[in-house]
């Protein structure tokens, strides 16, 4: 009888723990993969004076990829890194206006690249929520599965038009502060995103 009671208690404990886990994750156990920020990168290129290009990064990324291919990546815009402190500060204040818009969010549907050592080229449409404006943008990525890791990288740059996200005034302000004759308003973005189970 004691053994039966112990077994019942053990099974009840497991059931309760599963219910608590599911309840803390929207009613079902968490699935899919999580973005590894330490192995991932996202950069964008600014062009000033007509021909001087500089690479900048967003250093803090987070996100997930569900088992059915729903991709969500959040960009912490306060982590912008241009290599120059005063330029970082100006971007935060005048371009991204991070007091009101601290996070940019990318969401997309990614299919393929799930079988071991499979390499898939995927085209589709992603939704970018930036500076309080959401817009759909075409993308072309390469997805590679290796072990429990999935690497999703841009096959070609995604071009972000500043005018689509209300960023032109911010670029003009940066141009004025830096006393530059021009800063391009079309910005190429590249990324490598590593997801782990």
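The values are calculated or read from the model by the stated rules, or taken from the named source; none is laboratory data. What you see is a predicted model; the values in this text were computed from it and never measured. Cβ placement follows ideal geometry from the backbone for every residue including glycine, while neighbour counts extend to all protein chains displayed.
Condition (residue is touching a helix residue (DSSP H, G or I) at 6+ places or on another chain (Cβ under 8 Å), in contact (Cβ under 8 Å) with a residue 60 or more places away in the chain and more than 19 Å from residue 40 (Cβ to Cβ)) applied to segment 110-132: is it met by at least one residue?
No, there is no match, as no residue in segment 110-132 is touching a helix residue (DSSP H, G or I) at 6+ places or on another chain (Cβ under 8 Å), in contact (Cβ under 8 Å) with a residue 60 or more places away in the chain and more than 19 Å from residue 40 (Cβ to Cβ).
Can you find a residue that is out of contact with any helix residue (DSSP H, G or I) (no Cβ under 7 Å at 6 or more places or on another chain), part of a strand (DSSP E or B) and buried (at least 16 other Cβ atoms within 10 Å of the Cβ) anywhere in segment 157-169? Give the derivation first.
We begin by selecting, within segment 157-169, every residue out of contact with any helix residue (DSSP H, G or I) (no Cβ under 7 Å at 6 or more places or on another chain); these are 157-161, 163-166, 169.
With part of a strand (DSSP E or B) added as a condition, the list becomes 158-161.
Then keep just the ones that are buried (at least 16 other Cβ atoms within 10 Å of the Cβ); that gives 158, 160.
The answer is yes; a qualifying residue exists.
Select from segment 51-85 the residues that are at pLDDT below 95 and more than 16 Å from the chain's Cα centre (by Cα) and write down the one among them that is nearest to residue 149 (Cα to Cα).
Applying the filter and picking the extreme gives 67.
Please go through (1) in contact with a strand residue (DSSP E or B) (Cβ under 9 Å, 6 or more places away or on another chain); (2) more than 26 Å from residue 82 (Cβ to Cβ) for residue 146 and return the number of the only condition it doesn't satisfy.
(1) is the only condition that residue 146 fails.
When the residues of segment 90-119 are filtered to those that are buried (at least 18 other Cβ atoms within 10 Å of the Cβ) and part of a strand (DSSP E or B), which remaining residue is modelled with the lowest pLDDT?
If we take residues in segment 90-119 being buried (at least 18 other Cβ atoms within 10 Å of the Cβ) and part of a strand (DSSP E or B), then 108 is modelled with the lowest pLDDT.
Tally time: how many residues in segment 125-156 are surrounded by 13 or more Cβ atoms within 10 Å (Cβ to Cβ) and at positive phi?
Qualifying residue count for the region: 1.
Hey, can you tell me all the residues within segment 36-51 that are surrounded by fewer than 16 Cβ atoms within 10 Å (Cβ to Cβ), without any contact (Cβ under 8 Å) to a residue 60 or more places away in the chain and in contact with a strand residue (DSSP E or B) (Cβ under 9 Å, 6 or more places away or on another chain)?
Residue satisfying the conditions is 38 alone.
How about segment 133-156: which of its residues are outside any strand (DSSP E or B) and more than 16 Å from residue 43 (Cβ to Cβ)?
Going residue by residue through segment 133-156, those that are outside any strand (DSSP E or B) are 147-148, 155-156.
If the condition is that a residue be outside any strand (DSSP E or B) and more than 16 Å from residue 43 (Cβ to Cβ), then 147, 148 are the ones that fit.
Here's a check for you: in segment 71-89, which residue that is out of contact with any strand residue (DSSP E or B) (no Cβ under 6 Å at 6 or more places or on another chain) and assigned to a loop (DSSP other than H, G, I, E, B) is surrounded by the fewest Cβ atoms within 10 Å (Cβ to Cβ)?
83
Can residue 174 be described as within 17 Å of residue 91 (Cβ to Cβ) and touching a strand residue (DSSP E or B) at 6+ places or on another chain (Cβ under 7 Å)? Don't jump to the end; show me each part of the working.
Numbers: within 17 Å of residue 91 (Cβ to Cβ): yes; touching a strand residue (DSSP E or B) at 6+ places or on another chain (Cβ under 7 Å): yes.
Against the criterion (within 17 Å of residue 91 (Cβ to Cβ) and touching a strand residue (DSSP E or B) at 6+ places or on another chain (Cβ under 7 Å)), residue 174 qualifies.
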